[in-house]
Structure formats: structure tokens, C-alpha cells
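Below is one structure, written out as C-alpha cells; the observations come after it.
The values are calculated or read from the model by the stated rules, or taken from the named source; none is laboratory data. All values derive from a computational prediction rather than experimental measurement. All accessible areas refer to the heavy atoms of the entire protein, side chains included, with ligands and DNA or RNA removed. Shrake-Rupley method; radii C 1.70, N 1.55, O 1.52, S 1.80 Å.
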Amino acid sequence: MIDELRRDVCRLHTELVRYGLVVWTAGNVSGRVPGEDLFVIKPSGVSYDDLTPESIVVCDLDGNLVEGDLAPSSDTAAHAYVYRHMPEVNGVVHTHSTYASAWAARGEAIPCVLTAMADEFGGEIPVGPFALIGNDDIGKGIVETLTGHRSRAVLMQNHGVFTIGESPKAAVKAAVMCEDVARTVHISRQLGEPLPIAQSDIDSLYDRYQNVYGQRSHL
Ligand SMILES: [Zn+2]
């Protein structure tokens, strides 16, 4: 089970590269081990080209290394905090993707002005607090912002994006979609004020996409 998850999480890092969400080593994917108080995550400072399933490390929910030869990602404490406090979450992704981080740098939520945003996020993508790495502040900011919120993505102020999902793949999809809408809404803003979507329309788009659209078993 852990080996399969390591393979999955290793492969999902190539999606971060493919969609242009990361530079150097600044971005990571983790996945909860089903039925265990453990998760797997990228090792710290390893280039995406050099990642192998064996190099993906296993941590407990306090962020301590349980299995692996390398030190876990420096963002491990934030991932661990999310897994401790959001039992429904099985995947977490962090990136500094350009357009989303530009919104984060301004501390501005991305308004829901695209139907694709209503589908995926059910409203705006919110901003979380400014927080320094090194304790639980980032994790706390993620959990406090996303608890009770439809969005599976949060823009941590002056920092970047964290996304959550029912699987590591779902969290990667949210990170890809977050950057996509951040870019489109940014470009739209250059030529004027994007038109709002009525809340009732956002609600029906979200409901349809979450409950009817596509092959739900694939997530
Ligand atoms: Zn970061």
C-alpha cells in the first residue's frame, strides 16, 4: 500500500512540472496512507528529475520521519497539520505558481468570475494569513481558512498556494486549476473589471460539477 502511494505521489510531481507550477525544487505533493497515521511526501531539496518512488519519504502525523533515507520537505509540518485536523483530506499540494502567488503577494482573494471557478472552487479562492515557516502557523492558517469553505485552494499571503483533496491527484488538479484561473482573472483585470456571477448561478454550477459532471470514480 505504501509503495503504491509512493509511486503515485512521485509521478504526480511530474504534473507540477508539466503544468509549469514549479521552479527548482519549490513545490511538493503528499498523500495520506489509508488507514494509518502516516503520509508520504517529497524529500527536501531533491530535483524533480531525480525523484524516484524510493526517495519519497514516510512521516507520521506530527511530521517526524518514519521511513526514508532523505530529510522530508521543509513544508512537512504544514502538510502534517492539515492531515491531523482535516480527516477527510488525503492529499496536499504546495506550489509557488506564478499567477496565484501574485494574488497572494497582494493578499487578494481571486473573485469567482469564471464558470470554471464556480465548478471547481464553488466561489472565490480565499487568502490565508501571513505565516513564517518553522512551526504550525502555516498549517493552522490553511486549516482555519479552508474549514467550512468550498475552495480546496488557499493563497497564503506573501507566499503561495496550498491545495487539499480527497486524493493526492485531486489536490494536484486543484493546484493546476487554481493557477489557470489566477492567470485568466489577472489578464481579464488588465482591460477592465471582470463581471461578477450571481451567487445562485455559482451555487448551481458548483452543485452540478461536484455531483453530476464526469466520472466521479476517477478522482
Ligand atoms: Zn512555499
Of PRO126, PRO53, PRO72, which is the most mobile in a GNM of the chain whose springs link Cα atoms less than 10 angstrom apart?
PRO53
Please state the equivalent ellipsoid semi-axes for segment 103-219: what are the square roots of 5 times the Cα gyration tensor eigenvalues, largest first, in whole Å?
23, 19, 12
Restricting attention to the alpha-carbon atoms of segment 44-161, what are Rg (one decimal) and Dmax (integer), both in Å?
15.2, 46
Using a 1.4 Å probe on the protein heavy atoms, what percent of the accessible area of the chain belongs to carbon and sulfur?
51 percent
Value at 222 nm in deg cm²/dmol, rounded to 500, when DSSP H runs of n ≥ 4 in the chain each add -39,500 (n - 2.57):
-13000 deg cm²/dmol
Send over a whole-number figure in Å² for the accessible area per residue of segment 54-179, probe 1.4 Å.
38 Å²
Please identify, among ARG152, ARG189, ARG84, the residue showing maximal mean-square fluctuation in a Gaussian network model of the chain using a 10 angstrom Cα cutoff.
ARG189
Below 8 Å, C-alpha to C-alpha, sequence gap of six or more: please give me the relative contact order for the chain in percent.
20 percent
Principal axis dimensions, the chain - Cα atoms, whole angstrom, descending
51, 35, 30
What is the helix-to-structure angle for 168-190, meaning the angle in degrees between its Cα long axis and the longest Cα principal axis of the chain, kept from 0 to 90 and rounded to the nearest 10?
40 degrees
Taking Cα atoms only, helix 2-18 is inclined relative to the longest principal axis of the chain by an angle, in degrees rounded to 10, of 50 degrees
Whole Å is fine, so just give me how far the alpha carbon centre of segment 1-43 lies from that of segment 76-107.
13 Å
